[in-house]
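Enquirer: Sharing a structure, written as structure tokens. Questions coming.
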Amino acid sequence: MAIINKIDWPVLDSLVTAQQHNREAHSPVVSLYRWWARRPHAVAGAILDGASAEFGDGQFVVADPFSGGGTVAFEAVRRGHVVYAQDLYPWPSLALAAALTPTDAKKLAKASDELLKKLESYRDKYCRSHGASTVEVTHVIRVRVAPCQHCDLAMHLFREPFVSLASRKVNELDSFFGCDACGSMSLRPADAKRFQCDACGRYAIIAQSRNSTTRPMVRCPHCYRELRLRELLDRTPAWKAILVQVRSFKADSVTGPQLRTIRPDDRVNDIAPAPEEEALRVPIPVGVETGHLLRSGFRFWGDLYTHRQAQTLLAAIREVETMDYSDSIKARLRFAVLGACEMPGYLCRWARTHPKTFEATANHRYSRSTVVTETNLLSPVGRGTLPRRLAAAQKGLKWLQDKSMPRHVSIASSHAKRRKLAQGVLVATGSSARQLLQDGSARLVLTDPPYHDDLQYGELSRLFHAWLTVALGIPMPDESMEAVPNPFRGANTERYEDIIRTCLNESRRTLASNGRLVLTFHNNKLEAWTALRNALSGANFVVVGLATVRAENSTDHSKRNKRAFLSDLVIECVPSNYYCANKSVRLAVKGRDHKAERQNLLAVGLAVAETVNNRTTSNLNKLYEANLRKLGGANKLIQ
């Protein structure tokens, strides 16, 4: 009677592991637009296949009321299902609709080439002639500079002297080290313990632990006084270029990227501002996440970009609108361009042990780095550049076309009239407290609600929404209905619970009487699980299945060396009236193993199921601890 009984969970774990190590190969649509906490495509696909086996039906309506990154929608479309997807925010919902709309692949490739040619003059701002060759700057690495509050001499805010390996070669033996006194770079063996600056002769200790306290301190290299880093950052940012990555090309040959110190004729200096950049002079609002940007001296969204980058993006937006192609092609081009706004030159960090740039929100937070990277957005090499984004858009389209594309994709506001959905895809924007499906029309609701306060989705997406306003005139969204605790909105766990319950209750309305709700969840706070328990119970659901499955890549920057779950708990539910009419329904439990986090997830899941099904509001903690002992006695991970 449970969908989870139709799934081979050990095989699924292996498949998830393989896919998570190379998501762009197995599910290239992840590169089309940024969203956070995307669940693995393999998990969504397995649950959809399990639902088909359980229902004995090859096609039905699948609804995802917290669609976010669109994993469920993509996998449901590939299997020929009718899809309803909804998200509070316009950035992911509009991008999802653009990605799913049928498009001519050859014309998309042609339009992509034309767009890049139109932008060639902006690429030239990173290039210089050198004999018969052209040297192109692909990345400029800069360090934050601030005067000491005591001696007023310039401090170069390297958190550690080690800035970067010299290359991405296997067994690279050399690294670049930065001098906090003069800002110069010195090339030394990667295992060096101290070095003398090639420029000023000062000595620096390399082998030091990273300061991970909430109030990190730095020592002035001139007067040796200690200062709070935060106080040094709370001023207009100043930067010094320290390294550059370049590539050279002739008419018949190209040399690979080379990371090196700066030469006098390298194109590292920024250009003059242009009047059109006034469109980016939009104040950064206060918030949990955006507060970091304000504390670092940034005041407007445009402050995060070099003038070269801002003018490139603004020109690309203008060019897309003037191109003579279908709306579906222009939409894909538009989101490839807008997606590149996540590469601001004063916020992106440089991965020192695997030299490359990480996006401004790559760790599910706005970057905290004082060593930043300006990406040449028109370079054919490097993460997040326009050529690579356009290529990813084409690859994602082919990936979908190889399986199935919906005949029709429509977009609507959550305030629109409710409707019967018989074919294609309907994407809605707005709170899922009101959904557009008619009563009882969905056979499967497959979703993952926000994981309590793990991620500030609205604040992180403010960067993208600011650019959506520039490109399409869409106003910044109202975040008041976001199901995430946030002190700046006055939203606590009770508010989170209330919104989740309201949305799940609306999903129960749209669900067929014999339909299923399947959601995934993990959190290390018991109050989050209690809120989810109360929401499920308040929405009149009964838990009929639990399973654990691999969800995250342990090498992800946001998870590395942290007390974070790498697995999800899958919770399968039925409407309470269906449960009452089918007393033979029993709780199915899958994914048991000896791993501590799996035991913890199942233990708290069993506690949730017992209290939901018995309609009690007992304290989860005692039940959770008792279940944990029964499952093997692993250390308690949820507090």
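What follows draws every value from the coordinates through simple rules; no lab data is involved. All of these numbers come straight from a predicted model, not from anything done at the bench. Quick reminder, even Gly has a Cβ in these numbers, built from the backbone with ideal geometry, and neighbours come from all protein chains shown.
Enquirer: Under 8 Å for C-alpha pairs, at least 6 residues apart: give me the relative contact order for the chain, rounded to a whole percent.
Expert: 16
Enquirer: Can you give me the C-alpha center-to-center distance between the range 482-497 and the range 55-129, rounded to a whole angstrom?
Expert: 30
Enquirer: Under the rule a/c < 1.5 gives rounded, and otherwise a/b versus b/c splits prolate from oblate, where does the range 14-77 land using the Cα gyration tensor?
Expert: Oblate, because a/c is 1.5 or more while a/b does not exceed b/c.
Enquirer: Would you grab the residues whose amide H sits under 5 Å from the one on Phe162? Only those 5+ places off in sequence or on another chain, please, with H modelled 1.01 Å from N.
Expert: Those qualifying (amide H under 5 Å, at least 5 residues apart or on another chain) are Gly178.
Enquirer: Right, here's the next one. Under a crude label model (7 Å from the Cα following the beta-carbon direction), how far is Asp152 from Ser129 in nanometres?
Expert: 4.6
Enquirer: Further question: Just to confirm the number: angle between the C-alpha axis of helix 41-55 and the first principal axis of the chain, 0 to 90 degrees, nearest 10?
Expert: Here the helix axis deviates by roughly 10 degrees.
Enquirer: Next question. Quick check on the exposure proxy: order Asp198, Asp265, Asp454 from fewest to most C-beta atoms within 10 angstrom.
Expert: Listed from fewest to most nearby Cβ atoms, that is Asp265, Asp198, Asp454.
Enquirer: Enter the angle in degrees (range 0 to 90, nearest 10) between the Cα long axis of helix 457-472 and the first principal axis of the Cα atoms of the chain, meaning the one along which they spread out most.
Expert: It works out to around 70 degrees.
Enquirer: Additional query: Can you tell me what share of the DSSP beta bridges in the chain is antiparallel? A percent to the nearest 5 is fine.
Expert: Of those bridges, close to 70 percent are antiparallel.
Enquirer: Pop the C-beta distance of Arg318 and Asp478 into the FRET formula with R0 = 35 Å and round what comes out to the nearest 0.05. Write down the numbers at each step before the final one.
Expert: Numbers: r = 28 Å, r/R0 = 0.81.
About 0.80, to the nearest 0.05.
Enquirer: Would you mind calculating the relative contact order of the range 1-141 from Cα pairs under 8 angstrom and at least 6 residues apart, reporting the percent as a whole number?
Expert: Worked out over the range 1-141, it gives 18 percent.
Enquirer: Please provide three numbers in whole Å: the alpha-carbon extents of the chain along the principal axes, with the largest listed first.
Expert: So the extents along the principal axes, rounded to whole Å, are 80, 59, 44.
Enquirer: Using every Cα-Cα pair within the range 110-392, state what percent have a distance larger than 35 Å.
Expert: Roughly 20 percent, rounded to a whole number.
Enquirer: So which of Lys125/Lys240; Lys403/Lys590; Lys106/Lys403; Lys117/Lys403; Lys169/Lys398; Lys107/Lys330 end up more than 21 Å apart by C-alpha?
Expert: Those over the limit are Lys403/Lys590; Lys117/Lys403; Lys169/Lys398.
Enquirer: Taking R0 as 51 Å, what's the FRET efficiency between Ala109 and Tyr203 from their Cβ-Cβ distance, rounded to 0.05?
Expert: Numbers: r = 55 Å, r/R0 = 1.07.
For R0 = 51 Å, the calculated efficiency reads 0.40.
Enquirer: In addition: Relative to the first principal axis of the alpha-carbon coordinates of the chain, what is the inclination of helix 105-118, with its axis defined by its Cα atoms, in degrees from 0 to 90 and to the nearest 10?
Expert: For helix 105-118, the angle is close to 30 degrees.
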